[in-house]
1. Evaluate the following for T85: is it closer than 30 Å to M56 by Cβ, more than 24 Å from the chain's Cα centre (by Cα) and surrounded by 10 or more Cβ atoms within 10 Å (Cβ to Cβ)?
2. Which of the numbered conditions does V124 fail, given that it passes all the others? Conditions: (1) in contact with a Leu (Cβ under 6 Å, 6 or more places away or on another chain); (2) farther than 25 Å from V101 by Cβ; (3) surrounded by fewer than 19 Cβ atoms within 10 Å (Cβ to Cβ).
3. Here is a list: G41, G73, G90. Which entry is at pLDDT 80 or above, of a type outside the set (A, V, I, L, M, F, W, C) and open to solvent by less than 100 Å² (accessible area, probe 1.4 Å)?
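The values are calculated or read from the model by the stated rules, or taken from the named source; none is laboratory data. Given the structure is predicted, the values throughout are model-derived calculations rather than measurements. In this analysis, Cβ positions are derived from the backbone assuming ideal geometry, glycine residues included, and neighbour counts consider all displayed protein chains. In case anyone asks, the SASA skips ligands and DNA or RNA and just uses the protein heavy atoms, side chains included. Shrake-Rupley method; radii C 1.70, N 1.55, O 1.52, S 1.80 Å.
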Amino acid sequence: MIVFLFGAGLIKPSADAWDRFIKFSVCSVPLAYALYYSWGGNQYGPRYYYEVYPLMCALAATQVGVFCPKNAGRGAGMRVLIVVTICIGGLWALGYHGAKVRTLTQERKAVYQKAVSGAAKPAVILMRGYFGDRLVMSQEDAVRNDPDLSGPVLYAHDRGDQNRSLCAQYPDRFFYMATYDRTINQPQLEPYPCPK
């Protein structure tokens, strides 16, 4: 993004302090995320660009005057073309991202739906591995419970041998192991034998 902005001539040295501030701010966010290491998982979405969006709009607004000056004969037409292009691109992006997020949501909710419909209640579901296929969710992200831990289905991390202490903590619940089979793109739910 920064290379594009410089290459398009949108970021040039300026004597105006406010202009420099906006341009520097727009560049600072992608620079910061370029240096931020993370494998991804559940870390995506609008929260990563909301803070720079108003600055991008301000930068774009200053550039409309450069490309479409009011005194030029084509200025009004160029402004209309820019607005139409943005609207068409926005509608396309809405459809594309809507379909993608719908698939991600269905894949990620599948394990909870299977737990609610296929597990005897009350239950504890031990989450193992990654869930989903298009953009996986780790078991750290997948464990989601009511704050009071009183729901008919509770979700917990699979801790291997340490699971027996959880079994002892909830002796009245049925235990299951949840995994995700990416060959069939479906979650799997198996009874988990708690040690007696």
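1. Numbers: closer than 30 Å to M56 by Cβ: yes; more than 24 Å from the chain's Cα centre (by Cα): yes; surrounded by 10 or more Cβ atoms within 10 Å (Cβ to Cβ): yes.
When the stated conditions are applied, T85 passes them.
2. With (1) in contact with a Leu (Cβ under 6 Å, 6 or more places away or on another chain); (2) farther than 25 Å from V101 by Cβ; (3) surrounded by fewer than 19 Cβ atoms within 10 Å (Cβ to Cβ) applied to V124, the lone miss is (3).
3. Working: G41 fails: at pLDDT 80 or above; G73 fails: at pLDDT 80 or above.
Every option except G90 fails the conditions.
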